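The values are calculated or read from the model by the stated rules, or taken from the named source; none is laboratory data. Every value quoted in this text rests on a predicted model; they were computed, and no experiment measured them. Positions of Cβ are generated from backbone atoms using ideal geometry, with glycine treated the same way; all protein chains shown enter the neighbour counts. In case anyone asks, the SASA skips ligands and DNA or RNA and just uses the protein heavy atoms, side chains included. Shrake-Rupley method; radii C 1.70, N 1.55, O 1.52, S 1.80 Å.
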Amino acid sequence: MPVITYRQALNDAFAEELARDENVFLMGEEVAQYNGAYKVTEGLWQKFGSKRVIDTPISEAAFLGLGVGAAMMGLRPVVELMFWSFAYVGLDQIINNAGCIRYMSGGLINVPMVIRGPANGGTNVGATHSHTPENFLANTPGLKVVCPATPYDAKGLMISSIRDNDTVCFMENTLLYGDLGEVPEGAYTIPLGVAEVKREGIDVSLIAHGRAVLTSLAAAEILSVEHGIEAEVVDLRSIRPLDEETILNSVAKTHRAVLVDENKPFCGVSSQIAALLAEHAFDELDAPVLRVTALDAPAIYSMPLEKLQLPDAQAVVAKVLSSF
Amino acid sequence: MARTLSLPSKPKQSASKKAVRPVVTKKVTKAPAKASKPVKREVVKKAPVKKAAPKKAVTPRKTAPISKAPAKAAKAVAKPASPASKASTDWSKDPFNAKLKPAEKVSFLREMLRIRRFEQQALKHYNNGAMGGFLHLYIGQESVAVGTASLMNGQDEIITAYRDHGHALAVGMGMNECMAELFGKGTGCSKGKGGSMHFFAPDKHYWGGHGIVGGQAPLGMGLAFALKYKGIKGCAIAFLGDGAVNQGVFSECLNMAALFELPIVFVIENNGYSMGTSLERSSAIRHSLASRAEGFDVDWSLCGGFDLYELRANLGAVMEKARTKFRPHVLEVSTYRYYGHSVADANAKKYRSPEEIERYKTEFDPITLWEKQLLKEKVITEDGIEKINSEAKAEAATAAEFAIASPWPSEESIFEDIYHEVDHQTEAGQTGRHFFSE
């Protein structure tokens, strides 16, 4: 199986869907002639032309809204945000329009759109470029939120998202774009709402999404080698819809849960998982549910301090040990 | 558009200025006094403003006071006179009107009366407490929606803001489904999930009905984009109010519509007040709201909205231009609402004088003007008018009865119409949990 980057996996997904369905088009800042600010759309403009791969001015509200309007008419826009942080100037279009129109029209109108781009901290760009809005977008019924951690998942989830008839907020990670992994050629789909156990274990469940999955896998290795603790790593992959069954099954097996989340702690994704466990796994737990999240402050610029702000493997290891 | 209703009203200021209110209309189009005179037609024809305007656009603002702007703009804009631009333009002779059949003209009257009677009926029940939320009445502006709908070619798409009942009925939505929606009933056009501000009928090319001021403008652009993408010979008409032009996204839209050469007409329904704030107090302008388009190389023009003929002539031309030449256009239409911003607008008669409202009602009511026109043309009689009026009243009353008798939506329906995949129980709709209520 070919080994390609997370970036290339996404690029392949776009190329295949652009070729398969003429209603699919890509749009965003620098996605066409510049080849993408992070080169995720590299080569697609040359291949598919200006009708299908479209550069926009720096006007997130307008081009997000354009995407919603075009999707209402049956097109399938894939709209890139150079950073998900930039969505904040266009949230009206995402939440009020993409998120609410189907409901407010009594189901008469669909918005089959993908809004995608990186949503992560850890790159020394300060608070305004380091937001992780998966929690509050998942707070909007009507929207779906997906956060792939691996190249394989990125491609399969992207193809599913493009074919989905609802709006999917697809959150990538600039720190993962260069990661390598095995990815099949040709189209395949991974359903939204299906988590994956990325590592089997019996002593504790590490529940994570996005890059925190990789952090959890690294921590699991340390726990195994140095402490004899076998951690199970559950990758949510999709925040909404959420695969509660896989989470609960894992905790029923390990009886311990540590939630690893690059989201902030207050009303973050981990809060939702903690609520789920409190409601449905109370009798299974041998220890309190613990969390390792981004520190609850705006993302700091200073390089050594920024490293402290996101969960790392050592912090996860320490938290796991504290639960025994 | 759920804004607070406690804006301080400034009776003095508005009292002294309101007569002059629609700057545009008053100076160029003369909304009140001579809403339908030739000057506008010239303005319209000037569409390719870009050539003449640049020099003026550079003029420092101080040296170009608003009071002079109209003359300047008119001059800048004045192109070789159009066929219709004589001293007294007879809009009925315009190509978009000349071939209208008597039955069509009568149908316009019927549609305007239906909108008015529908809203009057709704108002009665709103005041009785039968419905909640906001009720933004369109009464006084009916000619704009009816004139627009009459120009749609079956492939044109239309979208508007929260004052949306008129557009909904004009494109052919039924009174029953609309009234029931106001009542929050399950038989409503949105199954009681949208309310007054959120009527939709995609099968009639009507895309809402949007509550956030200006938020629908980029959606309109998306409609136009999709038309062009699919090679459909239609245009999108995106309505917005005079208050919405100050939302940043509208400026973004002008830029993108021009860059992408989209077939779209932005129609600014300028009724003079963004809620309780008059045009003068809300918008900095050199000449008009529409003229802001000039900086984006988007054509613009002004027109009176009180006379159906005038509206159809002006709008018809720019819609055709959008369809065939992919030129976006901003058309600012002067109009007037008799009621407050919404019925809950406690200051509806404080930020403008009762005299002003009365003057519009008596001199510029679009329905009265059209009735007079049709009587003059002898395409209808007084009795004929009264018959249509009675029918509209009866239809509205029946719609209210229908709404009252209709059931509330079922509790289960709260979780329907959120995700397409869940509603249709597709494979994608069955993986993972979509809703998190216990």
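Mind checking which residues of region B:415-433 are open to solvent by 90 Å² or more (accessible area, probe 1.4 Å) and either assigned by TED's automatic domain parsing to the domain that holds B:SER190 or charged (D, E, K, R) (or both)? B:GLU427 - this is the single residue of region B:415-433 that is open to solvent by 90 Å² or more (accessible area, probe 1.4 Å) and either assigned by TED's automatic domain parsing to the domain that holds B:SER190 or charged (D, E, K, R) (or both).
Within region A:292-307, identify whether any single residue is at pLDDT 95 or above, open to solvent by 50 Å² or more (accessible area, probe 1.4 Å), of a type in the set (Lys, Arg) and assigned to a helix (DSSP H, G or I), and answer yes or no. Taking every residue of region A:292-307 in turn, none turns out to be at pLDDT 95 or above, open to solvent by 50 Å² or more (accessible area, probe 1.4 Å), of a type in the set (Lys, Arg) and assigned to a helix (DSSP H, G or I). Summed over region A:259-291, residues that are within 14 Å of another protein chain (Cβ to nearest Cβ), loosely packed, with under 14 Cβ neighbours inside 10 Å and either free of Cβ contacts under 8 Å to residues at least 60 places away in the same chain or outside any loop (DSSP other than H, G, I, E, B) (or both) total 3. For region B:373-388, filtering for residues that are assigned to a helix (DSSP H, G or I) and free of Cβ contacts under 8 Å to residues at least 24 places away in the same chain leaves 6. Looking across B:GLY211, B:GLY220, one residue alone is assigned to a helix (DSSP H, G or I), closer than 30 Å to B:PHE183 by Cβ, touching a helix residue (DSSP H, G or I) at 6+ places or on another chain (Cβ under 9 Å) and in contact (Cβ under 8 Å) with a residue 12 or more places away in the chain. It is B:GLY220. For region A:143-187, the set of residues classified as out of contact with any strand residue (DSSP E or B) (no Cβ under 6 Å at 6 or more places or on another chain), away from chain B (no Cβ under 14 Å) and not in a helix (DSSP H, G or I) consists of A:PRO148, A:MET171, A:LEU175, A:LEU176, A:TYR177, A:ASP179, A:GLY181, A:PRO184, A:GLU185, A:GLY186, A:ALA187, listed by residue number.
With respect to B:PHE225, is the statement that it is facing another protein chain (nearest Cβ under 7 Å) and part of a helix (DSSP H, G or I) true?
Yes, satisfied.
Return yes or no: is B:ARG327 in contact with a strand residue (DSSP E or B) (Cβ under 9 Å, 6 or more places away or on another chain), open to solvent by 30 Å² or more (accessible area, probe 1.4 Å) and closer than 28 Å to B:GLY211 by Cβ? So B:ARG327 fails the test. Going through (1) of a type in the set (S, T, N, Q); (2) more than 8 Å from chain A (Cβ to nearest Cβ); (3) in a helix (DSSP H, G or I) one by one, B:SER196 falls short only on (3).
Could you please find all residues in region A:1-57 being closer than 24 Å to A:PRO184 by Cα, aromatic (Phe, Trp, Tyr) and without any contact (Cβ under 8 Å) to a residue 24 or more places away in the chain? The one that is closer than 24 Å to A:PRO184 by Cα, aromatic (Phe, Trp, Tyr) and without any contact (Cβ under 8 Å) to a residue 24 or more places away in the chain: A:TRP45.
Looking at the structure I just gave you, is A:ILE190 within 12 Å of another protein chain (Cβ to nearest Cβ), among the β-branched types (Val, Ile, Thr) and either touching a Ser or Thr at 6+ places or on another chain (Cβ under 9 Å) or in a helix (DSSP H, G or I) (or both)? Please lay out each step first, then the result.
Working: within 12 Å of another protein chain (Cβ to nearest Cβ): yes; among the β-branched types (Val, Ile, Thr): yes; either touching a Ser or Thr at 6+ places or on another chain (Cβ under 9 Å) or in a helix (DSSP H, G or I) (or both): yes.
Taking the combined requirement at face value, the residue satisfies it.
Taken over region A:88-142, the residue count meeting the criterion of being under 22 Å from A:PHE63 (Cβ atoms), open to solvent by 20 Å² or more (accessible area, probe 1.4 Å), more than 8 Å from chain B (Cβ to nearest Cβ) and assigned to a helix (DSSP H, G or I) is 7. The residues of region B:230-251 that are charged (D, E, K, R) and closer than 27 Å to A:GLY74 by Cα, listed by number, are B:LYS230, B:LYS233.
You will find that of B:TYR360, B:TYR339, the residue that is under 30 Å from B:GLY243 (Cβ atoms) and at pLDDT below 95 is B:TYR339 and no other. Report yes if some residue within region A:63-84 is assigned to a helix (DSSP H, G or I), free of Cβ contacts under 8 Å to residues at least 12 places away in the same chain, within 14 Å of chain B (Cβ to nearest Cβ) and open to solvent by 10 Å² or more (accessible area, probe 1.4 Å); otherwise report no. For region A:63-84, residues assigned to a helix (DSSP H, G or I), free of Cβ contacts under 8 Å to residues at least 12 places away in the same chain, within 14 Å of chain B (Cβ to nearest Cβ) and open to solvent by 10 Å² or more (accessible area, probe 1.4 Å): absent.
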